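Reviewing the structure listed below.
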Amino acid sequence: MIITGYASLETAARAITLGVSAYLSKPLALADLLVQVEKAVATRLFHLKSISLMQESDSFAPHLKGHLGDMTSLYHFFTKSSCCRWNCLKSSALSCRK
């Protein structure tokens, strides 16, 4: 989560590409901050529970179970970065049409 007093589209896009959960600009309302913190905590708990359930499952080979955290982290990194790249490509294509 990033809170900045110098928000820009470029830094927001870069932050999202790097995997931040939220990019907030000052001044911000406490309610907005609390919503983002709750979302980040809920997401983290969901990922931890998912990893725990996968480790308990018999559908994964034993030698892979120790790497489930790494695999899910990689998955989330690639889905975030590919989504951001797609949005950047879309916005670039739209700006080229103008």
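The values are calculated or read from the model by the stated rules, or taken from the named source; none is laboratory data. Everything numeric in this text was worked out from a predicted model, so none of it was measured. Heads up, the Cβs are rebuilt from the backbone with ideal geometry, glycines too, and the neighbour counts pull from every protein chain shown.
Given the condition in a strand (DSSP E or B) and farther than 28 Å from LEU74 by Cβ, answer yes or no: does some residue in the stretch 13-26 qualify?
Step one: list which residues in the stretch 13-26 are in a strand (DSSP E or B), which gives 23-25.
Remaining after also requiring farther than 28 Å from LEU74 by Cβ: 25.
Yes, the stretch 13-26 has at least one match.
Only residues that are modelled with pLDDT of 90 or more, among the charged types (D, E, K, R) and surrounded by 13 or more Cβ atoms within 10 Å (Cβ to Cβ): list them for the stretch 1-21, please. Hits for the stretch 1-21: nothing passes.
I'd like the residue in the stretch 22-51 that is hydroxyl-bearing (Ser, Thr, Tyr) and modelled with pLDDT of 90 or more and, out of all such residues, is surrounded by the fewest Cβ atoms within 10 Å (Cβ to Cβ).
Just the residues of the stretch 22-51 that are hydroxyl-bearing (Ser, Thr, Tyr), to begin with: 23, 25, 43, 50.
Next, only the ones that are modelled with pLDDT of 90 or more stay: 23, 25.
Working: TYR23: 17, SER25: 14.
For the stretch 22-51, the residue satisfying everything is SER25.
Considering (1) assigned to a strand (DSSP E or B); (2) touching a residue at least 24 places away in the same chain (Cβ under 8 Å), the lone condition that HIS47 does not fulfil carries the number (1).
On the given criteria, is LYS80 surrounded by 13 or more Cβ atoms within 10 Å (Cβ to Cβ), at pLDDT 75 or above and either on the phi > 0 side of the Ramachandran plot or assigned to a helix (DSSP H, G or I) (or both)? So LYS80 does not fit the description; no.
Of MET54, MET71, which residue is surrounded by 12 or more Cβ atoms within 10 Å (Cβ to Cβ), at pLDDT below 85, touching a helix residue (DSSP H, G or I) at 6+ places or on another chain (Cβ under 6 Å) and not aromatic (Phe, Trp, Tyr)? Steps first, answer last, please.
Details: MET71 fails: touching a helix residue (DSSP H, G or I) at 6+ places or on another chain (Cβ under 6 Å).
Only one candidate passes the filter, namely MET54.
Screening LEU30 on (1) closer than 28 Å to ILE2 by Cβ; (2) touching a Phe, Trp or Tyr at 6+ places or on another chain (Cβ under 8 Å) shows it passes everything except condition (2).
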